[in-house]
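Report on one structure; see the data block that follows.
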Amino acid sequence: PAATAASLASQDVNAADAAGIAAVAICLLGEKRTLHQKPVAATMLRNTKPLAPFEVFAIFRLKAGQKAADFDLGKERRLMPIQPVVHIEALPFEGAAVSCAKQEELARHCLTAISARESARRSRFDWVIKARPDLLILKKLPTTAGLRDLSQTPAVLVPPFSEPFFDPAPCIRYEGKNRAEFDADYRPCTPDGLRMSNHLISDQFAVMPRDLAVAYLDRRAPTWAYPMPNNRPRLPPKEGSHLEFWPTCVLGEGYRIPSGFLGGCECGLSVYVRHIQNVSVVVAPFVVGLYRGKGNIHNKGALPRAAVGWALAEDDK
């Protein structure tokens, strides 16, 4: 039966339901969108395996107008491509369609669920991963030992911004056809090979040591960071907290988009994590993309052609 409004608040499994002691917590945050479509489900299943055993925390956002009673949490738990799902809940849709505050709310719910889970099992996770339900994870993730090798000091690890015409991010380029070779390619992303990544943080995917999860998941960025790109201000506000970090989201000349302040969730995330919390952020060669369905991947031209082909081939199986 469909979940009732009361049961929708959250559903947890007990510590005995998950085999072994997982070192990794995976937060899937956002609207369900294309989660159950083959390219997303298959790449998520395949490319998270090096981190097993892990535990999954799913915090969904209902669609506008969707009723809580119509969202079956039990069914969603069973259909999740990666298991075990130790916590699942769905939050109502309220306010504007595009809202960075909604992202922050989802992240805080996951942090709360992780902390409760750790208390129940009497053991902390070592790593926390944040991902969207509609995310194609196109390259195998490293093992936990491999994650440690990506940064000499504790840091939040994020994929690079990449645009085919002005921000190619050489560390994720791949022209071969060998999937095992591609999976193993974790060459560093050097600062001189990055552009927008020096100003913003991609909010699609992140990997972090547990000790840095509070700084990332419990964020409350200043509101001036959130104007969306199609309505961005040209001058800094006269009032607000941490205005000294305004220039960090200002893009210079030579970008595909006009120069000036680029507000939005990626700016707010960067300002809060990098500057207010003073947390190290390392851009790592994770290769991910948002799947819109019917073969459509957001910014597909910026991703390695072979990796896109491997993901879309799942529809033919």
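Got the relative contact order for the chain handy, in percent, Cα pairs under 8 Å and 6 or more residues apart?
Dividing the mean separation by the residue count of the chain yields 23 percent.
Rounded to the nearest 0.05, what FRET efficiency is calculated for residue 175 and residue 144 with R0 set to 35 Å and r the Cβ-Cβ distance?
0.75
Working out 0.36 nm times the residue gap between residue 120 and residue 64, then minus their Cα-Cα distance, what length gain in nm do you get to one decimal?
16.8 nm
What value does segment 107-247 have for Rg/Rh, both radii from Cα atoms and Rh as Kirkwood defines it?
1.00
Extent of segment 164-317 along each principal axis, from alpha carbon coordinates, in Å, largest to smallest?
The Cα atoms of segment 164-317 stretch 55, 37, 31 Å along their principal axes.
How many nm separate the modelled label positions at residue 105 and residue 275, each set 7 Å beyond the Cα in the direction of the Cβ?
Going from the residue 105 label point to the residue 275 one covers 2.6 nm.
Which log10 I(q)/I(0) values, to two decimals, does the chain give at q = 0.08 Å⁻¹ under the Debye formula with one point per Cα?
-0.35
Amide H neighbours of residue 26 under 5 Å, counting only residues 5+ apart in sequence or on other chains, H built in-plane at 1.01 Å?
It is 55, 56, 57, 129, by chain and number.
I want the antiparallel fraction of DSSP beta bridges within segment 51-207, as a percent rounded to 5.
Antiparallel bridges make up about 45 percent of those DSSP assigns within segment 51-207.
Loop only per DSSP, at most 16 neighbouring Cβ atoms within 10 Å: give me the GluC sites (Glu not before Pro) in segment 231-317, ordered by residue number.
239, 253
Just report the Cα centroid separation between segment 174-252 and segment 100-162, whole Å.
Answer, in whole Å: 15.
For segment 64-183, report the accessible area per residue in Å² (1.4 Å probe, heavy atoms, rounded to an integer).
Per residue, segment 64-183 has an accessible area of 46 Å².
Among the listed pairs 63/130; 63/140; 32/317, give every one whose C-alpha distance is greater than 26 Å.
63/140
Give me the percent of DSSP beta bridges within the chain that run antiparallel, rounded to the nearest 5.
Antiparallel bridges: around 45 percent, rounded to the nearest 5.
In percent, what relative contact order does segment 127-222 have, based on Cα pairs under 8 Å that are 6 or more apart in sequence?
Relative contact order, segment 127-222: 47 percent.
Need the full-extension length gain, residue 79 to residue 239, defined as separation in residues times 0.36 nm minus the C-alpha distance. One decimal, nm.
Full extension from residue 79 to residue 239 adds 52.9 nm.
Per-residue accessible area for residue 218 at 1.4 Å probe radius, Å² rounded to 10?
50 Å²
The values are calculated or read from the model by the stated rules, or taken from the named source; none is laboratory data. Here the structure is a predicted model, which is why all the values come from computation and not from measurement. Note that each Cβ is placed from the backbone with ideal geometry, even for glycine, and that neighbours are counted across all protein chains shown. Note: areas computed on protein heavy atoms with side chains; ligands, DNA, RNA excluded. Shrake-Rupley method; radii C 1.70, N 1.55, O 1.52, S 1.80 Å.
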